[in-house]
Amino acid sequence: MTRRKASRLGLVGTSQTIAVKMEADRLRAEGVSIIDFGPGEPDLDSPDVVKQAGIQAIRENFTHYTAAAGTPELRAALATFYGKRVGREISASSVIVGVGGKSVIFAAIMALVNPGDDVIIPAPYWVSFPEQVRLAGGSPVFAMLDPADGFTLRADLLAAAITPATRAIIINSPSNPSGGVLPPDEARKIAELVVEHDLWLISDETYESFLYDPADIFSMLSLREMLGERLVFSSAFSKSWSMTGWRVGYAIADPGIVKSILTVQSHDTTHTCSIAQRAALAALELAPDVPSETVELYRGRRERMVSGLREIPGLSCPMPRGAFYAYPEVSGLLAAKGLASSSELAKALISEVGLATVPGEAFGTPGFIRLSYACSDETIREGLERLRRFAAGE
Ligand code: PLP
């Protein structure tokens, strides 16, 4: 047989978070009442100024190809926005805009990882990091973080995973799924490690707006001088401005590295939607403070979700410091219900009480489940009630 599928398909599976969404949608379409703690997206709508800018862009026929790295206006606005945030000059040529954070990170990995390279990824990890590394021909190497330490990213755990085959480290703070946040002193130690071993460092800060303690506000971008070419910072409009569907993400890196990422992007998506780029520009220019309002709303939701979870026997839930996920340990509940894994628990929750969650297996840490609190108080209340009933066997 000469016709066959690509062998790289055997290296990756479909995203488990997307699988949960599909199952929840399927059951809903059948008329089943589903409370969805699965989604990795804000329930809020995009700000009005963003929507208006999108409509205006269509009216003005801003519907043609743009520069492949993003419009000069958006790149310049992002450079100014982050320059102010970290108190350093950032040039527009250090910015590349793409189709959501996911696609920009993939393009960066394709540009920087060679077949056979080891890439260290702290676990629990965002589902797409290992898969993207595998698609590039690299090997993900997992550095297990300590649940007793709130899955805090610590340099010594990364250092222990470094070997002569290591070429890159991918970190994510605030973390999806754990809500763990990188302490600034650990960030400095990680940067020292990266320089010492001359590695690439991809720092995914997609949830940067969702930090609940002002002392945690920090970006790897502030260590840019020290890291030089080695640093690729990435983020997106998706979560901070409730703009997941517009698909606008970006990376900030040395201009030479930006060119390399662009080489990949230019043969893949070319650029993200012209209209969405105008909308994103409006978010930066007209609504830069939305995230601080949003964060207050999420802080309340976080308290309600975590305090509710702590009342359910068999769950142990640390207070997440960032993002919008609770990530409780569920071994007590598994034992009480005679379930073998958190994957089985997630299946039982959706089929028995109509509660969608994502099992820890998806993030490299079985024994946990992820519950998103990016939903209304009423949804949180009802979801917790379903979980309580499930645990109590009612
Ligand atoms: N990074 C992390 C940690 C995420 O959780 C996500 C989305 O869920 C992304 C990146 C990508 O976001 P998007 O491609 O929607 O901008």
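Points to keep in mind about this one:
- Qualifying residue in the range 109-119 (condition: buried (at least 20 other Cβ atoms within 10 Å of the Cβ), within 16 Å of the ligand (Cβ to nearest atom), assigned by TED's automatic domain parsing to the domain that holds PRO214 and under 18 Å from the mean Cα position of the chain (by Cα)): yes
- Any hit, the range 209-230, residues being in the same structural domain as ILE120 (by TED's automatic domain parsing), out of contact with any Cys (no Cβ under 6 Å at 6 or more places or on another chain), within 16 Å of the ligand (Cβ to nearest atom) and without any contact (Cβ under 8 Å) to a residue 40 or more places away in the chain: no
- Residue satisfying condition, being within 16 Å of the ligand (Cβ to nearest atom), β-branched (Val, Ile, Thr) and touching a helix residue (DSSP H, G or I) at 6+ places or on another chain (Cβ under 6 Å), within set VAL86, VAL97, VAL49: VAL97
- Matching residues in the range 351-385 - criterion: being acidic (Asp, Glu) and either in contact (Cβ under 8 Å) with a residue 24 or more places away in the chain or crowded, with 24+ Cβ neighbours inside 10 Å (or both): GLU352, GLU361, ASP377, GLU382
- GLY314 fulfils the conditions (1) in contact with a Gly (Cβ under 9 Å, 6 or more places away or on another chain); (2) outside any loop (DSSP other than H, G, I, E, B); (3) of a type in the set (Gly, Ala, Ser); (4) in contact (Cβ under 8 Å) with a residue 60 or more places away in the chain except for a single criterion, (2).
- Output for the range 235-265, where each listed residue is within 16 Å of the ligand (Cβ to nearest atom), of a type outside the set (Ser, Thr, Tyr), open to solvent by less than 10 Å² (accessible area, probe 1.4 Å) and part of a helix (DSSP H, G or I): PHE237, ILE261, GLN265
- Among all positions in the range 153-164, there is at least one residue which is touching a residue at least 24 places away in the same chain (Cβ under 8 Å), closer than 20 Å to SER234 by Cβ and assigned to a helix (DSSP H, G or I).
- ALA348 being assigned to a helix (DSSP H, G or I), open to solvent by less than 20 Å² (accessible area, probe 1.4 Å) and free of Cβ contacts under 8 Å to residues at least 60 places away in the same chain: yes
- Annotation note: of ALA280, ALA287, the sole residue that is in contact with a Phe, Trp or Tyr (Cβ under 8 Å, 6 or more places away or on another chain), surrounded by 24 or more Cβ atoms within 10 Å (Cβ to Cβ) and either within 14 Å of ALA108 (Cα to Cα) or touching a residue at least 12 places away in the same chain (Cβ under 8 Å) (or both) is ALA280.
- Selected residue [among the small types (Gly, Ala, Ser) and in contact with an Asp or Glu (Cβ under 8 Å, 6 or more places away or on another chain)] from SER307, SER316, SER292: SER316
- Considering (1) open to solvent by less than 10 Å² (accessible area, probe 1.4 Å); (2) within 16 Å of the ligand (Cβ to nearest atom), the lone condition that GLN132 does not fulfil carries the number (1).
The values are calculated or read from the model by the stated rules, or taken from the named source; none is laboratory data. If you're wondering where the values come from, they're calculated on a predicted model, not measured in any experiment. As a convention, Cβ positions derive from the backbone with ideal geometry for all residues, glycine included, and neighbour counts pool all protein chains shown. Calculation scope for accessible area: heavy atoms of the full protein, side chains included, ligands and nucleic acids excluded. Shrake-Rupley method; radii C 1.70, N 1.55, O 1.52, S 1.80 Å.
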